[in-house]
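The values are calculated or read from the model by the stated rules, or taken from the named source; none is laboratory data. The shown structure was predicted, so the numbers you read here are calculated from the model rather than taken from an experiment. As a convention, Cβ positions derive from the backbone with ideal geometry for all residues, glycine included, and neighbour counts pool all protein chains shown.
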Amino acid sequence: MNYQESIKLIESYWKFGIKLGLDRISFILSEIGMPQNSFKSIHVAGTNGKGSICAMMSSVLKEAGYNVGTYTSPHLVDYTERIAINGINISKDDFAAIISELIPAIDKCARSLDPPTEFEILTAACFYYFAKNKIDIAVVEVGLGGRFDATNVLLPIVCIIAEISRDHTDVLGFTIDSIASEKCGIIKNQIPVVALNLNPDAADVILETTKKENAPLTFITYENIQKTEDIYDKSDLTLPAGVDTWIKTKERVYKVYVPLLGRVQALNAALVISAAEILNKKSFIVSIKNLEDGLANTKMHGRFEVVHRDPMIIVDGAHNVSAAKSLAENLNRIKKHGRINIIIGMLSTKDAEGFVNELSGVADNFIVTRSTHPKSLSTDYLASEVQKTRVPFETTESIDEVLEIIPERNITNFYCITGSFATIGEFVAKMNM
C-alpha cells in the first residue's frame, strides 16, 4: 500500500461520519497490542487553543530532551501533519505502512462491532506509530468533545483544558454547561488538571468534575498574566513577530517569549508552564531554560500565520465566534497600516452569522468563497450573512477564483483567509503549487 492508497482507504470511512464512543477504538487498540499503554501522555481538551497548546508543550518537552510525540487535528494540507515526533511529521511511507498494518484490526472491528470512523483509524495509527518509535511522552489533542472522543482511552499524567466556548453544538449541546461537561470527560481520578477559567459556567463544571474525581486543579486566568509586550522584527514593523509575556504561577514569575499573537496565547503559555511545573513532580524534569527556549521555538501553522509578505496574506483557522473575536483583535493591530480584506469560507455546521458579525468591525471588505470540503457552506448563504453587516463584499465560488483576485504586489491591502481549516488548507496548498 502506498501513501495515496492509504489516504483513499481512510477517506472511504468519511461516510460513517462522527460516531462518538470508545468501543471501536478500544477494540482496534486491543487487536494491535494496546500501544497507548507504552508511553506517558498529556491530554488537551477545549474549544479553542488546543493546537497552540500542543505545539508549545511539545516544543518545551523536546527542549528538555524527551522523545515527544504530538497528535493534533485537523490537518491543513496533508494527513501527515497530524502525527509528529520531535516536531517532525510522520513520513508518507511510514504513514502508509502503519495504515496497512492496521487493516486486519479495522476489518475485524467492522465485522465484530461496526465500521470505525476516520478519526478512530487515525488515532489508532498514531498510538501504534508512537509505540513503535518508543517515545517517552505524547501530547494529544482531543478531536471532538472529550468524554467519548477516541483519544480518551489514554490515562494521562496531566490534563489541560483550554478555553471553552460554543462550537459543535449539534453534537455537544448548545449550553456552555453541556459543552464543558463533555470536555471534562477527559478528567480522570487523581490526575492533575490545568484549566483556563474564563467562563463562570465552564469553570463551575470543571471545579465540580475535579472534586468528584479527586483531581488536583490549577486554574489560569488573566490575573496570571502580569504584562505583555509586542516584539517586532526590525525588517517588518507592520505586525509583531511575537510577544514577551510575564506569567505568574503558584511557584514564581516567568518571563517568556511566545512567537504567536493574541492575548489568549499568553494564557495558553501559562497553561503550558503550569503543566510543566506538575511534570517536574512526576519525574519529567523541565527547567526554566527549557520552558523559555521551548516556548520561543514554538512553530504553529494556520494560527494568524503570515504566508506571504507583499501583499501581506495571513491564514487563520478561526471557525467559531470566540475564535473570530480573537482574530479581530489581532487584525486591529495592523488596520492602521492598510485595508483589511477578509476572505471567508465556512462549513455548514458553524455559526456563520455570529462569526461574520465579530469580524465586521475590522473588515474593510469581505471576499466570500467556499472550499471543496463536502460540508462547505454555500456562498449564497454566507454572502447573505455578510450583506447584513453592510461591509462591502464580493463573492467567488472557489479558492482558485480567490487566488486570481489577490494582486501580485500590494503593500496597502492585507488579506486574511479564515472560516475553516479546510478553507485555509486548500488556499495554502494551491498558493504553493
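Regarding region 113-123, can at least one residue be identified that is more than 20 Å from K299 (Cα to Cα), touching a strand residue (DSSP E or B) at 6+ places or on another chain (Cβ under 9 Å) and in contact (Cβ under 8 Å) with a residue 40 or more places away in the chain? Lay out the reasoning, then the answer.
At the first step, the residues of region 113-123 found to be more than 20 Å from K299 (Cα to Cα) are 113-123.
Among the residues that remain, those that are also touching a strand residue (DSSP E or B) at 6+ places or on another chain (Cβ under 9 Å) are: 122-123.
Remaining after also requiring in contact (Cβ under 8 Å) with a residue 40 or more places away in the chain: 122-123.
Within region 113-123, one or more residues are more than 20 Å from K299 (Cα to Cα), touching a strand residue (DSSP E or B) at 6+ places or on another chain (Cβ under 9 Å) and in contact (Cβ under 8 Å) with a residue 40 or more places away in the chain.
Which residues, taken from region 229-240, are surrounded by fewer than 16 Cβ atoms within 10 Å (Cβ to Cβ) and in contact with a strand residue (DSSP E or B) (Cβ under 7 Å, 6 or more places away or on another chain)?
Answer for region 229-240, where residues must be surrounded by fewer than 16 Cβ atoms within 10 Å (Cβ to Cβ) and in contact with a strand residue (DSSP E or B) (Cβ under 7 Å, 6 or more places away or on another chain): E229, D230, I231.
When you go through G21, G33 one by one, which is the residue that is in the same structural domain as D114 (by TED's automatic domain parsing), among the small types (G, A, S) and at pLDDT 95 or above?
G33
How many residues, within region 172-221, are among the β-branched types (V, I, T), closer than 18 Å to E141 by Cα and out of contact with any helix residue (DSSP H, G or I) (no Cβ under 7 Å at 6 or more places or on another chain)?
1
Determine whether S165 is among the hydroxyl-bearing types (S, T, Y), assigned by TED's automatic domain parsing to the domain that holds T221 and not in a helix (DSSP H, G or I). Steps first, please.
Details: among the hydroxyl-bearing types (S, T, Y): yes; assigned by TED's automatic domain parsing to the domain that holds T221: yes; not in a helix (DSSP H, G or I): yes.
Here the answer is yes, as S165 does meet what is asked.
Please determine whether any residue of region 150-161 is under 27 Å from F27 (Cα atoms) and modelled with pLDDT under 95.
no
Of V362, V391, V386, V356, which residue is under 13 Å from Y415 (Cα atoms) and either at pLDDT 95 or above or among the hydroxyl-bearing types (S, T, Y) (or both)? Outline the logic, then answer.
Details: V391 fails: under 13 Å from Y415 (Cα atoms); V386 fails: under 13 Å from Y415 (Cα atoms); V356 fails: under 13 Å from Y415 (Cα atoms).
Within the list V362, V391, V386, V356, the selection yields V362.
May I ask you to say which residue of I417, I344 is in contact with a Gly (Cβ under 7 Å, 6 or more places away or on another chain) and either over 26 Å from D236 (Cβ atoms) or surrounded by 21 or more Cβ atoms within 10 Å (Cβ to Cβ) (or both)? Give the derivation first.
On the way: I417 fails: in contact with a Gly (Cβ under 7 Å, 6 or more places away or on another chain).
Step by step, each of I417, I344 is checked, and only I344 is in contact with a Gly (Cβ under 7 Å, 6 or more places away or on another chain) and either over 26 Å from D236 (Cβ atoms) or surrounded by 21 or more Cβ atoms within 10 Å (Cβ to Cβ) (or both).
Quick one: count up the residues across region 79-101 that are over 16 Å from A124 (Cα atoms) and touching a strand residue (DSSP E or B) at 6+ places or on another chain (Cβ under 8 Å).
3
Please go through (1) closer than 16 Å to T151 by Cβ; (2) touching a helix residue (DSSP H, G or I) at 6+ places or on another chain (Cβ under 8 Å); (3) without any contact (Cβ under 8 Å) to a residue 24 or more places away in the chain for R24 and return the number of the only condition it doesn't satisfy.
Unmet condition: (3).
Mind checking which pairs have a first residue in region 191-212 that is more than 14 Å from S181 (Cβ to Cβ) and a second that is among the basic types (K, R), Cβ under 9 Å, 6 or more apart or different chains?
P192/K281; P192/K282
Criterion first (in contact with a Phe, Trp or Tyr (Cβ under 8 Å, 6 or more places away or on another chain), part of a helix (DSSP H, G or I) and surrounded by fewer than 22 Cβ atoms within 10 Å (Cβ to Cβ)) does I103 satisfy it? Working first, answer last.
Working: in contact with a Phe, Trp or Tyr (Cβ under 8 Å, 6 or more places away or on another chain): no; part of a helix (DSSP H, G or I): yes; surrounded by fewer than 22 Cβ atoms within 10 Å (Cβ to Cβ): yes.
When the stated conditions are applied, I103 does not pass them.
Exactly one condition in (1) under 17 Å from A45 (Cα atoms); (2) part of a loop (DSSP other than H, G, I, E, B); (3) at pLDDT below 95 is false for T238; which is it?
Unmet condition: (1).
Quick check on region 386-409. Is at least one of its residues touching an Asp or Glu at 6+ places or on another chain (Cβ under 7 Å), more than 29 Å from S73 (Cα to Cα) and assigned to a loop (DSSP other than H, G, I, E, B)? Show your work before the answer.
Here is the first cut: in region 386-409, the ones touching an Asp or Glu at 6+ places or on another chain (Cβ under 7 Å) are 399, 409.
Narrowing the set further to residues that are more than 29 Å from S73 (Cα to Cα) leaves 409.
Still in the running and assigned to a loop (DSSP other than H, G, I, E, B): 409.
The answer is yes; a qualifying residue exists.
Considering only residues that are assigned to a helix (DSSP H, G or I) and closer than 18 Å to I313 by Cα, look in region 335-385 and name the one that is nearest to the chain's Cα centre (by Cα). Write out each step before concluding.
Going residue by residue through region 335-385, those that are assigned to a helix (DSSP H, G or I) are 335-337, 352-360, 379-385.
After this cut, where a residue has to be closer than 18 Å to I313 by Cα as well, the list is 335-337, 359.
On the way: K335: 26, K336: 29, H337: 29, L359: 20 Å.
This residue is L359.
Looking at (1) touching a helix residue (DSSP H, G or I) at 6+ places or on another chain (Cβ under 7 Å); (2) surrounded by fewer than 18 Cβ atoms within 10 Å (Cβ to Cβ), find the lone condition where R339 falls short.
Among (1) touching a helix residue (DSSP H, G or I) at 6+ places or on another chain (Cβ under 7 Å); (2) surrounded by fewer than 18 Cβ atoms within 10 Å (Cβ to Cβ), R339 violates only (1).
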